[in-house]
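Have a look at the structure below before the remarks.
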Amino acid sequence: MTGQIAIEDVEPGDWRSAVGAAIQAGGQFDCLYAVPAGHDPVVRLVMRDGVGVRVLSTVAVASRTDSIVDLLPAAEWDEREAHDVHRVHFDGHEPMRALVGHPADRDAWITPVEGPDVHEVAVGPIHAGVIESGHFRFHVVGERILHLDLRLFYKHRDLEGVAAGLDLARGVAVAQRSCAPCAVANSLACATAIESLMGLEPDEDLRRGRTILLELERLYNHLHDLSALCSGVGFDPGAMTFAALKERAQRLNLRVAGHRFLFDTIRTGGGTTVLDQATAHEAGGELASIVREAGEAWRTLTFMESVQDRLGGIGILDRDQALRRGAVGPTARASGIRTDARAGSPAGLWYPGLEPARPDRPAGDVAARAGVRAVEIEQTGAILGELLARPPCGPGLAVAGRRQAAVGVGRTESPRGATVCCVEAAGGRIARLHLRTASFANWPAVADVVAGAIMPDFPLINKSFELCYACVDR
Amino acid sequence: MYVMYKRLQQLRRGIALPAPGVPGSLALRHVDCGSCNGCEHELANAAAPHYDFGRYGLSMVASPRHADVLLITGTVTRRMAGPLLAAYEAMPEPRLVAALGNCALGVDVIANPDELAGPAEDLLPVDIRIPGCPPSPSEIVEALLDAMPLLRRPIRKDEA
Ligand code: SF4
């Protein structure tokens, strides 16, 4: 989860070969971001292997560097973001379509799709339900989708820009603000990054307390997602059943940690949650009942042919494409990839022996993405059950215990998958804070899988990913 | 399926929501102008069984053309100002504007000011203020029900 010590500087001319070598050595992509430095910004690439985290870095001389998107297709949005926000030009990344920027010129962001009867359907930024804002441009023939161009970042608040120059201790509040449903995962990734910068290590109580918070967040999110999927197929009893369970989970959040979205429960250097035995015991009981009823409701769904019929075989993200795109979280697991940032007991948390969840049928379709969440609700129930049976004795502390890092890297498994936060400091203040959330990682895959689907299936496919806009736009 | 219905029925009895007081209705159109998605979650939760705002005449509608109330979440970003104003323009009179959550009210905002068009109040006349980060589902429901009389007007003879 943490542990970056040094930055490996790479000569601009050697960038591609160094990245190629890192991939050869088993490195997996975490994120790529730019650090503004006048005329010559710096590009950092964060990779992870069995041993730990590596940060490769190169100078974009006169704001130009080589693209690595052919070596690491998962870096596509990262390069586009660095281009739009920090004006880095990536040689070889063609065409460089606008991502964060919203140019008026349609050719700058819309893929040309031509042929008999091809037409465009524009949806959003305002959607019909209670949904976040973002724009979809479908290229269709009849009801068949040929291609989808995403235009997000309507909610861009430049939170990374806001963080720059702030006191290190204030980074967490900015990361939290990026997104309510991922508040714990995002702020914990940030706190972990800052603690690794400062050489701090969480003690046992803090590790257990933070794990409780992460899992409480996952519980209400997964219940929400199953509710959304039911309403996506027009099955209201299911939608209402899971919505009611989500409400109970959020009330549990309030009781355990003082806030329905667990806001302000993560801070750098220590914990905030104090759980007495009685509260923990009571919470454990309610948790068990929520998880049991969710399992019951899920089994009802699995026996309803009319519901199942709508979920199977659509929106298929096959394993190769998921790997290529660097998909994360339940999405990746539903495509048969055994990945989970919680696996292998990351140092700052408490996940002894956790294995990535395996859905019954990892077919990469809507049914598999629903099924993996059902499995994970039980998994989360088990983890929380154990932790609440023997709650941490106090809020916990992060204590000095390792070497200070040049770049702090924090990695958490949010309800949507691996989320990475990188923090660099100068003079005790934040020089650069970069937050790459699971939603940022998975959005490109949404666009991939809807090609070939029919328009009426789009809302359902989209709900099966249930990605955030807020922590992508930031 | 039977079990699911049975449970929903039990749940509903257990919650025992109070009967609606004054009859009336408000059709709501929500526009996310740059929120963290917390206010959206609580708004959607207000329609779920524990609050069931439909019982009191509140409903979400798909188009601003069908709406009595425009619900704004988030401090309005530069990019959402245009779509927000277009939605407001599309609404029939009489109409109300609600600022839902602290961000929409311009309180405790975290953002680069260059990216913002300002809080709701700077762009539209705000009639309903619902503070909180985020306001709870019951606070949302109560604030909207309190606002219902704002749209009530005497029925003219020729309409009766
Ligand atoms: S008021 Fe709070 S919950 Fe609502 S959008 Fe703002 S930060 Fe999010």
- Task: Looking only at the range A:299-318, count how many residues are in a helix (DSSP H, G or I) and not β-branched (Val, Ile, Thr).
- Result: 8
- Message: Here is a check on your reading of the model: is A:Val307 farther than 30 Å from A:Glu195 by Cα, under 24 Å from the mean Cα position of the chain (by Cα) and either within 14 Å of chain B (Cβ to nearest Cβ) or not small (Gly, Ala, Ser) (or both)?
- Response: no
- Note on the structure: Only one of (1) part of a loop (DSSP other than H, G, I, E, B); (2) more than 9 Å from chain A (Cβ to nearest Cβ); (3) within 13 Å of the chain's Cα centre (by Cα); (4) not acidic (Asp, Glu) does not apply to B:Pro125, and that is (3)
- Task: Would you mention how many residues in the range B:77-100 are more than 10 Å from chain A (Cβ to nearest Cβ) and within 16 Å of the ligand (Cβ to nearest atom)?
- Result: 3
- Consider B:Val3 carefully, then state whether it is of a type in the set (Val, Ile, Thr), assigned to a helix (DSSP H, G or I) and either more than 16 Å from the ligand (Cβ to nearest atom) or more than 7 Å from every other protein chain (Cβ to nearest Cβ) (or both). yes
- Checking A:Arg251 against (1) in contact with an Asp or Glu (Cβ under 9 Å, 6 or more places away or on another chain); (2) buried (at least 20 other Cβ atoms within 10 Å of the Cβ); (3) within 30 Å of A:Asn462 (Cβ to Cβ), the condition it does not meet: (2)
- May I ask you to list pairs of residues, at least six apart or on different chains, whose Cβ atoms are under 7 Å apart, with the first in the range B:32-55 being under 11 Å from B:Ser138 (Cα atoms) and the second being among the hydrophobic types (A, V, I, L, M, F, W, C) and near the ligand (Cβ under 9 Å from one of its atoms)? B:Leu43/B:Leu100
- The listed residue being under 24 Å from B:Tyr51 (Cβ atoms), in the same structural domain as A:Asn462 (by TED's automatic domain parsing) and modelled with pLDDT under 95, out of A:Ser196, A:Ser227, A:Ser289, A:Ser231: A:Ser231
- What number goes with the only condition from (1) modelled with pLDDT of 95 or more; (2) surrounded by fewer than 22 Cβ atoms within 10 Å (Cβ to Cβ) that A:Cys182 does not pass? (2)
- Item | Unmet criterion (only one of (1) modelled with pLDDT of 95 or more; (2) β-branched (Val, Ile, Thr); (3) over 16 Å from A:Arg416 (Cβ atoms)) for A:Val366 | (3)
- Could you give every pair whose Cβ atoms fall below 8 Å, whose first residue belongs to the range B:61-74 and is on the phi > 0 side of the Ramachandran plot and touching a residue at least 12 places away in the same chain (Cβ under 8 Å), and whose second residue is within 16 Å of the ligand (Cβ to nearest atom) and of a type in the set (Ser, Thr, Tyr), counting only separations of at least 6 or pairs across chains? B:Gly74/B:Ser35
- When you go through (1) near the ligand (Cβ under 10 Å from one of its atoms); (2) surrounded by fewer than 18 Cβ atoms within 10 Å (Cβ to Cβ) one by one for B:Glu121, which number turns out not to apply? (1)
- Query: Restricted to the range A:254-270, and to residues that are under 13 Å from A:Leu214 (Cα atoms) and either crowded, with 23+ Cβ neighbours inside 10 Å or of a type in the set (Ser, Thr, Tyr) (or both), which residue is nearest to the ligand (Cβ to nearest atom)?
  - Reply: A:Phe261
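The values are calculated or read from the model by the stated rules, or taken from the named source; none is laboratory data. Predicted, not measured: the structure shown is a model, and the values here were computed from it. Note: ideal-geometry Cβ built from the backbone for every residue, glycine included; neighbour counts use all protein chains shown.
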